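Read through the structure below, which is laid out as C-alpha cells, and then see the notes.
Just so it is clear, none of the values below were taken in a lab; they were calculated from the coordinates. It should be emphasised that the depicted structure is a prediction, and the values quoted were computed from it without experimental measurement. Neighbour counts are summed over all protein chains in view; Cβ atoms, including those assigned to glycine, are modelled from backbone coordinates with ideal geometry.
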Amino acid sequence: MSQRCFYTLTNAVKNYPWGSHNALNQRFHVLNPDDQPQAELWMGVHPAGISQVTVEGSPLLLTKLIASDKMAMLGAATAERFGDLPYLLKILAADSALSIQVHPQKEQAELGYATQENLTSDTPDYNDANHKPELVYAITPFMAMNGFREPGEIIVHFKMLDIEGLRGAIKVLEQQPDTEGVQAFFIEIMQLSEGVKKEALQRLVSDAQKLYGDNLARFIHKLYQYYPHDTGVLAPLFLNCITLQPGEAMFLHPGTLHAYVQGTAIEVMASSDNVLRAGLTGKKINLKELVTCTSFVPTPLKSLLMAPVEENGQASYPIPVDDFHFSVIKDVHNLPIHTQSAEILLVINGNASLQHADGETLTIRTGQSVFIPATANDWTLTVTGSLCRVYG
Ligand SMILES: [Zn+2]
C-alpha cells in the first residue's frame, strides 16, 4: 500500500434524536439533505463508526490502513501499548440533554466486562474492557453538569425545595456530610417514590427561578422540557452546573457523574463505549453497578476549567491520562510539527495547509479532518483560523 503523510478523512455522522438539525451542517459543512438531527461526527476507528480514507482513488477503512502497517501508522509506543488508535475524536451538537452518566475506571471495566452475566446479557452494562476519560472543548456556549457539589450546597438546595418526602434523604447527608454521605444521599434520591418524585419535580419547575436564580433555573427547565418525569431533573441541585464559553475546555474523569445539556463541542475520549446511566434516559439504570463505578468525592466548581499551556500559537491541554493528547492551534505560519504517533487534525474554522519536506501538501477547510501516520515525522503547518490536533 502506498505510504503517504496526509489522509483526508470521511467520517460517520450519528443521527441521535438529541442532536441539532443545523449546527454540524451550518458550522462544519456536514451535509444534511434529509434534515436529520446530526448529533455527532466520529473521527477514529471505533467499530460503531469507522472513518474512511482514500487510497489510490478508492475508499478504504481507516482500520485497514492502520492494520496494513501498525508500527508505521501508530508508532512503536502506541502499537505496543494499545495495538490500535487509542482515542476517538468527535464533534458533538446537542439540542436536548444527553443522559446523566458515568464511565467506569479501567479496573472496573475489566472486571465488569469479563463477568458471565455481562457477556451473556442482551443489554450488557459493559461493552468493552476500557475506561473512557473525556475532554470537552466548547465551540458554542456549552451547558453541562460535571461532578458532585459540596455536601453543604446540596443540603441547602434540597431544603429550599421544602418537600416532606425529601427530609429523610437530606437528614442522611446532614448526619454524614462527606463522600459516604453523598453516596447514601444519591441512593435515596435514585429510589424516591413516584409520589415524592412528582411533587418534587412540580415544585422544582414552578419555583426554580425564585429559589435558585437564572442559571440553575435554565438547567432545570431545559431538562424538564425533555424529561418531565425523570429524577434526573433534580440533578442540577446536586451536580455542578457549568456553561463553557467557546474555547474553554474541561476534563471528565472516569467515575465522574456528568451530562451534556446543550451546545456544540469537540470531544476526545479513549476508544471505549462504556456508559452507566443515572437519569435523563429511557434506557435501563443499574443502580448497583452505577454506584460501584461512581466517585462521590465532591468536585469544586472552580477546578473544572482546564488551563492550557500556550507555546508558538499552540495551546496544549494537560490531559491526566496517556490515551491521548489535545491541542488547539490558531493562526500560525509554517509552524514546524513533529509527529511521532498517529494524529488526527480537525479544522475548527478557516483553513489549514500541511506541507511535508518530501513535497506532499494538503489544504483542508472548516469541518475537514486528516489522519497523519507516525512516520510523517517532521512537517509544517499553516493555519488561518483554528484547528485541533489529537495525538497519542
Ligand atoms: Zn460521557
Subject >> Efficiency of FRET between Ala48 and Asp322 - r from beta-carbon atoms, R0 25 angstrom, step 0.05 >> reply: 0.60
Subject >> Built amide H within the under 5 Å cut-off of Asn15, gap 5+ >> reply: Ala39
Subject >> Ranked packing of 114-122, 298-306, 66-74, 264-272, most packed first, by mean Cβ within 10 Å >> reply: 264-272, 66-74, 298-306, 114-122
Subject >> Virtual spin-label span in nm between Thr243 and Thr382, 7 Å along Cα→Cβ >> reply: 3.9
Original post:
When the chain is fully extended, how far beyond the present Cα-Cα distance does Leu335 get from Ala357, taking 0.36 nm per residue of separation?
Top reply: 6.6 nm
**OP:** Just tell me which lysines come within less than 21 Å, Cα to Cα, of Lys197; anything on the same chain fewer than 8 places away is out.
**Re:** Lys159, Lys171, Lys210, Lys222, Lys283, Lys284, Lys288
Subject >> Amide proton proximity set for His21, modelled H, under 5 Å, gap of 5+ >> reply: Gln38
**OP:** Please work out the Cα center distance from the range 319-392 to the range 165-214, rounded to the nearest Å.
**Re:** 47
